[in-house]
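Structure, as structure tokens:
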Amino acid sequence: MNDLVSRNDASALNPNILNGQVAQIAQTVRGSDFYFAICAVMGTVAFGTLAAASRKPRTDRIFFYITAALNFTACIAYFTMGSNLGWAPIEVEFQRSDPRVSGLYRQVMYARYVDWVVTTPLLLMDLLLTCAMPWPTIIWIIFIDEVMIITGLIGALVSSRYKFGFFAFGCVAMFYIFWELAITGRKHAKALGADVNKVYTGCGVLTLFIWLLYPIAWGVSEGGNVIAPDSEAVFYGVLDFCAKPIFSILLIVGHWGISPSRLGLSIQEFGHTTPDASNNKEGRSWHEATGAQGNFDAEKQGHNDSGSSTADATGVNAANNTRVNNRASNASTAVPANAHSAHTTGFAPAHEGTTVEGHHTDVSRL
């Protein structure tokens, strides 16, 4: 029965020693318990998102998969930190007299930054795809986001005051992302309709507010050594809880009635036929149908590459067809049956009283 007793011996199995260096300022069982609690929440939301995705067609699951991926990643990261792993002992710049933060070396969780390197681009993709931001802009914003996270990590691992230089770089990158989300992204979302704008605004405002608190958490923990690692776990954990599970629920609920095709994300299942059966009566696959259409368009373009517009070409063809039909109609009334075939080909004989180009026919000679 003792094996069933609830206990957390992560700190005992994974002590606060790394490469012979002891971290005097480190988390306790309480901090570890909190990490494991957030880990459970992240995993629950991730599986719940996948369950919700199963009720959608495979072509409409992009936001579900992105959201599940960021929660699964955070779940693994919080398991790592709850296990008292994924950290490095870093000499503090500011030594404090408070016994909770007294000591020379502080435990810095680099696993947290590994989590952010993966999850923050996924979170931004959720937002940027929601407002149908162009792909070049999305790639650029994700690059800026990586700069923000990596400079924060380097700053946390630096012992001298130069850490705040990296902190400044990260803050500049963060405010640039804020500008793109609040100004450019909002314009795109408004153009897509009230429902899309509602989802983007709700999730975007939550993200901007929560992200604005992360530099404060960094400053009082890794940066300034003001709060204990257990308090750091709670501070970052609450922020991550709002930025990931709460964000995920709001996003999935908001996207439930929005087709990705409205956002420029029209994804085709391989081998499916086109929705317009009238244009694809043979039941060809979407790839075959679009390929045939592309060949037809290219051929049509080749006929019109002399500089005339499509409307001009159509008008000329219609006029030519009218003249040919008129001539054929006149000829059919004037040419005998045995000469009809020759006349319709443009080589009718001009003897035996037949009419060529409107000449009179002497019926008495027939």
* To do: Could you tell me whether any residue of region 97-112 is free of Cβ contacts under 8 Å to residues at least 40 places away in the same chain, touching a Ser or Thr at 6+ places or on another chain (Cβ under 6 Å) and of a type outside the set (S, T, N, Q)?
  => yes
* Asked: Among the residues of region 13-27 satisfying the criterion of being surrounded by 12 or more Cβ atoms within 10 Å (Cβ to Cβ) and small (Gly, Ala, Ser), which is farthest from the chain's Cα centre (by Cα)?
  -> ALA23
* Asked: Are any of the residues in region 201-219 within 18 Å of ALA46 (Cα to Cα), within 21 Å of the chain's Cα centre (by Cα) and outside any helix (DSSP H, G or I)?
  -> no
* To do: Answer yes if at least one residue in region 241-250 is more than 21 Å from the chain's Cα centre (by Cα), farther than 16 Å from LEU127 by Cβ and in a helix (DSSP H, G or I), and no otherwise.
  => yes
* To do: With respect to THR44, determine if the residue is part of a helix (DSSP H, G or I), at pLDDT below 95 and in the same structural domain as GLY219 (by TED's automatic domain parsing).
  => no
* Condition check for PHE64: in contact with a His (Cβ under 9 Å, 6 or more places away or on another chain), in the same structural domain as LEU13 (by TED's automatic domain parsing) and surrounded by fewer than 23 Cβ atoms within 10 Å (Cβ to Cβ) -> yes
* Quick one: in region 220-238, of everything that is in a helix (DSSP H, G or I) and small (Gly, Ala, Ser), which residue is farthest from CYS75 (Cα to Cα)? => GLY223
* Looking at region 198-214, which of its residues are out of contact with any His (no Cβ under 9 Å at 6 or more places or on another chain) and either of a type in the set (A, V, I, L, M) or surrounded by 16 or more Cβ atoms within 10 Å (Cβ to Cβ) (or both)? -> THR201, CYS203, GLY204, VAL205, LEU206, THR207, LEU208, ILE210, TRP211, LEU212, LEU213, TYR214
* Enumeration of residues in region 184-197 that are of a type in the set (Lys, Arg) and surrounded by 15 or more Cβ atoms within 10 Å (Cβ to Cβ) -> ARG186
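The values are calculated or read from the model by the stated rules, or taken from the named source; none is laboratory data. Quick caveat: nothing in here was measured; it's all calculated off a predicted structure. When we count neighbours, we look across all protein chains shown, and the Cβ atoms used for this are built from the backbone with ideal geometry, even at glycine.
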